[in-house]
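This report concerns only the one structure given below.
What follows is calculated from the coordinates using simple rules that are stated; it is not laboratory data. Please read all numbers here as calculations on a predicted model, not as lab measurements. We place every Cβ from the backbone using ideal geometry, glycine too, and count neighbours over all the protein chains shown.
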Amino acid sequence: MTVNFLQSQLAQLTEATSIAIARSLEHVDIATPLRSLPIATAYVHQGQGGTPLLLLHGFDSSVFEFRRLMPLLAAQRETWAVDLLGFGFTDRPADVPFDPTAIKTHLYYFWKTLIGRPVTLVGASMGGAAAIDFTLTYPDAVANLVLIDSAGFAQGPAITRFLFPPLGYLAASFLRRPGVRRQVSLQAYADPQFVSADALLCAALHLQCPNWHQAMIAFTKSGGYNFLASKIATIAKPTLILWGDSDRILGTGDATKFQQAIAGSQLVWIERCGHVPHLEKPQLTAAQILAFDRP
C-alpha cells in the first residue's frame, strides 16, 4: 500500500526497484511508552523463511535506501525495513523526543509488535550505530549483527554545530537544498553514475513529511550516537562488518576499529565501492549477508 502523498511521485521514479518499494511501503500504528497515542510507523516487509532480517537506514534517509538490496535478500529470507523514529516516512509527533533513546524504544516496540523473535539486525551508516545501541539494550531481540560502513566511532554530522536557534531552521533548510543533497550523494558513491535523477528523488521523498525540520534539529542537538564508541567492545553477538574500500563519508579507518573492538567479528571489504555498498554493490552485499547468516 503506497503512502498517499507518494502517489504523485511514482510517475517520476524510473528504476524498477524504486517503484517496487514505493508500492510496498506500509504504515502500522505502534504503541510505545513514548506517548499515549500510537506512532504511525513506515515499513516494508518481503520474503519468508529463516531468521528475519531487519534493515536500518542511515542519517536523513528512509527505507528507500534498501530498494536494491531488499529484493535480493527477500528472495531467500524474511526481510523487514523500517523507518526509524524521526526519519523517513514514520510520523514525527511534536510530543516525542527525537534522540537515540526514543529511537531504540520505538524500534523495540515495532519489533515486539510485528516480528517478536530474534532478528539479524542490519544497520547502514547511522543505522549501524542505531543497531549497536539496540543490540546492547535489547540483546534478546538480536541473533546477529551486520554493520555496513557503520557510524559509532565517528562523530555526528558536522552540521550539528549550526543547529541552534536561530540557525537551526536555516541549517536544516540548507541540508534540504537539491544541490547540497546531490553533492552528498556524489561523495557517497565511488561511481558518480549512480547519482541519477531516480536516486536523488528516492533520497529526497521523505523531505515532504511533516515536521522534518523539527525532527532533524532535535536529533542532531541531542548529540546523536556520539556516546557509543566506548560501548562497542561489549557487543557479544556474531558480527559481520561490510565496508566500501572507497568510502569518502566515514573513511576506511573505522572498519578495522570495529573488527578489533568486536570479538570474533568478520570484516569484508567491498571493492571499488563507496559509503553505500547496499546501493552501489547490492548483489555482493546481499551475498555476503546471506552467507554470514545462514539459517
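List, in the order given, every pair from 257/281; 112/221; 112/257 whose Cα-Cα distance in the structure shown is over 26 Å.
112/221; 112/257
Kindly identify the chain as rounded, prolate or oblate by the Cα gyration tensor criterion: order the square roots of the eigenvalues as a ≥ b ≥ c, call it rounded if a/c is under 1.5, otherwise compare a/b with b/c, prolate if a/b is larger, else oblate.
Because its axes are fairly even, with a/c under 1.5, the chain counts as rounded.
Name the aspartates and glutamates eligible as straight-distance cross-link partners of residue 237: C-alpha to C-alpha under 14 Å, and not fewer than 8 places from it in the same chain.
Of all the aspartates and glutamates, those that pass the test against residue 237 - Cα under 14 Å, at least 8 places apart if same chain - are 133, 140, 293.
Considering the options 252, 270, 208, tell which one lies farthest towards the positive end of the dipole of the stretch 208-295, charges being +1 on Lys and Arg and -1 on Asp and Glu at the Cβ, about the Cα centre.
Farthest along the dipole direction, towards plus: 208.
With +1 assigned to the C-beta of every Lys and Arg and -1 to the C-beta of every Asp and Glu, and no other charges, what is the dipole magnitude of the stretch 1-110 about the Cα centre in debye, to the nearest 20?
Charge dipole, the stretch 1-110, about its Cα centre: 200 debye, nearest 20.
Positive end of the charge dipole of the stretch 1-109 (Lys, Arg +1 and Asp, Glu -1 on Cβ, about the Cα centre): tell me which of 79, 39, 9 has its Cα farthest that way.
79
From the phi angles alone, apply the Karplus equation (6.51, -1.76, 1.60; θ = phi - 60°) to the stretch 36-43 and give each ³J(HN,Hα) in whole Hz, x where the residue is Gly or Pro.
So the J values, rounded to whole Hz, are 6, 9, x, 10, 5, 10, 8, 7.
Assigning unit charges at the beta carbon (Lys, Arg +1; Asp, Glu -1) and nothing else, what dipole magnitude in debye, to the nearest 20, does the chain show about its Cα centre?
So the magnitude is around 240 debye.
Only counting other Cβ atoms within 10 Å, I'd like 95, 247 sorted with the fewest neighbours first.
95, 247
Helix-only mean residue ellipticity at 222 nm, the chain, DSSP H runs n ≥ 4 weighted -39,500 (n - 2.57), per residue, nearest 500. What is it?
So the calculated ellipticity at 222 nm is -10000 deg cm²/dmol.
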